[in-house]
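Remarks on the structure that follows.
The values are calculated or read from the model by the stated rules, or taken from the named source; none is laboratory data. What you see is a predicted model; the values in this text were computed from it and never measured. Ideal geometry is used to build each Cβ from the backbone, glycine not excepted, and the neighbour counts take in all protein chains shown. Heads up: the accessible areas ignore ligands, DNA and RNA and are worked out on the full protein's heavy atoms, side chains in. Shrake-Rupley method; radii C 1.70, N 1.55, O 1.52, S 1.80 Å.
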Amino acid sequence: YTILSKVHSDRNVYPSAGVLFVHVLEREYFKGEFPPYPKPGEISNDPITFNTNLMGYPDRPGWLRYIQRTPYSDGVLYGSPTVENVGKPTIIEITAYNRRTFETARHNLIINIMSAEDFPLPYQAEFFIRNMNVEEMLASEVLGDFLGAVKNVWQPERLNAINITSALDRGGRVPLPINDMKEGVYVMVGADVPFSSCLREVENPQNQLRCSQEMEPVITCDKKFRTQFHIDWCKISLVDNTKQVSTFQEVIRGEGILPDGGEYKPPSDTLKSRDYYSDFLITLAVPSAIALVLFLILAYIMCCRREGVEKRNMQTPDIQLVHHSAIQKSTKELRDMSKNREIAWPLSTLPVFHPVTGEIVPPLPPDSYDNTSMPLMQTQQNLPHQTQIPQQQSAGQY
């Protein structure tokens, strides 16, 4: 079902077009190539990362992907070769970096893509597994268990894993680190027989309605996957290539020569000069003249038509002028008097009512009273007309 190979220097691999290809970059192989070399029996756990690229280019081919979670885990190259790459050797440069000693080691992986006679398989189904990450699904034993479960449900003669894609590459979000949540993975498989009735159940109107309401559809064969794989049946995709009509149109290519349009005729040198005087008058002179006229009118109104104070007083009745002058004089006297008066004590510092009798206490003391020795808050002993409250006597005195 899948091609699994171990890393070696200048290794040749032969994947098939349309079949999942997996290549593991093992850290154990590169540990012995970084100095200082470990002694026999000594365990070395240096952090190692890998960089993969197509020879002569900074990145990998479009169909090939690479993943490595941590510097202490193995790297994995995976992807599905296309028919366009058949017969073209693809050389991948693998560079290993030792993050402790900063040493590097380089190897070449030569990928020779072979054509598959039974590809493309006409019936393809893509499953979304929610409880798996892509590196977990790429393991041969896990992928073998999934293909075995699909084979029991589908019952095909030929079944191949076509491609594996992480949900993050499809626009999914990074899961929260709660309850060991997984990012999810899409697995596409192909077979040579039509889809089984169990897989067709996702197309029922009842299940489509449940999916639109974000509810789990009812699938009879879900229990065969539920023990190990949690499949989101609302995201399953069934493709039948036998019913698809080809829309390819043959492109008729020409000779690459434009049709003859005659000789090039440049413009004549005897062009008449254009007079821009009228344009100048329209764009500058006319607006300037209008602005000047408006300015003169405004100046005449503001300067020549001004009445003045004397003319206003001559037209005002005498009695109104006398009243206005008296008001101004009175206002000035009041302001002068307010400046010379003494500042009274704040009413908040003086008692207003007697605490017992309720009589009103004069807020201001008499002139003969010494203001300097008066406390801010008068106590009950200083208040006039203080009424003594009888004290309770003891039983013996009574």
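Which one is modelled with the highest pLDDT, of the residues in the range 1-32 that are surrounded by fewer than 16 Cβ atoms within 10 Å (Cβ to Cβ) and under 21 Å from residue 71 (Cα atoms)?
By that ranking, first place goes to 26.
Residues being open to solvent by less than 100 Å² (accessible area, probe 1.4 Å) and assigned to a helix (DSSP H, G or I): count how many of those fall in the range 315-330.
Final tally of qualifying residues: 5.
Go through the range 205-239 and give me each residue that's assigned to a loop (DSSP other than H, G, I, E, B) and over 16 Å from residue 150 (Cα atoms).
Within the range 205-239, 213, 214, 215, 216, 217, 218 meet the criteria.
Collect the residues in the range 118-146 that are open to solvent by less than 10 Å² (accessible area, probe 1.4 Å) and over 37 Å from the mean Cα position of the chain (by Cα), keeping them in residue-number order.
Within the range 118-146, 121 is the sole residue that qualifies.
Would you confirm whether or not the range 297-314 contains a residue that is without any contact (Cβ under 8 Å) to a residue 12 or more places away in the chain, within 60 Å of the chain's Cα centre (by Cα) and open to solvent by 80 Å² or more (accessible area, probe 1.4 Å)?
The answer is yes; a qualifying residue exists.
Please specify each residue of the range 44-62 satisfying the condition of being among the polar types (S, T, N, Q) and open to solvent by 70 Å² or more (accessible area, probe 1.4 Å).
45, the sole residue that qualifies.
Is it the case that residue 222 is open to solvent by 60 Å² or more (accessible area, probe 1.4 Å) and outside the structural domain of residue 80 (by the TED database)?
no
How many residues are at pLDDT 85 or above and outside any loop (DSSP other than H, G, I, E, B) when one looks only at the range 74-130?
Here the count works out to 30.
For the range 271-313: of the residues being of a type in the set (Asp, Glu) and outside any helix (DSSP H, G or I), which is modelled with the lowest pLDDT?
Among residues in the range 271-313 that are of a type in the set (Asp, Glu) and outside any helix (DSSP H, G or I), the one modelled with the lowest pLDDT is 307.
In the range 163-204, which residue that is in a loop (DSSP other than H, G, I, E, B) and among the acidic types (Asp, Glu) is surrounded by the most Cβ atoms within 10 Å (Cβ to Cβ)?
Among residues in the range 163-204 that are in a loop (DSSP other than H, G, I, E, B) and among the acidic types (Asp, Glu), the one surrounded by the most Cβ atoms within 10 Å (Cβ to Cβ) is 183.
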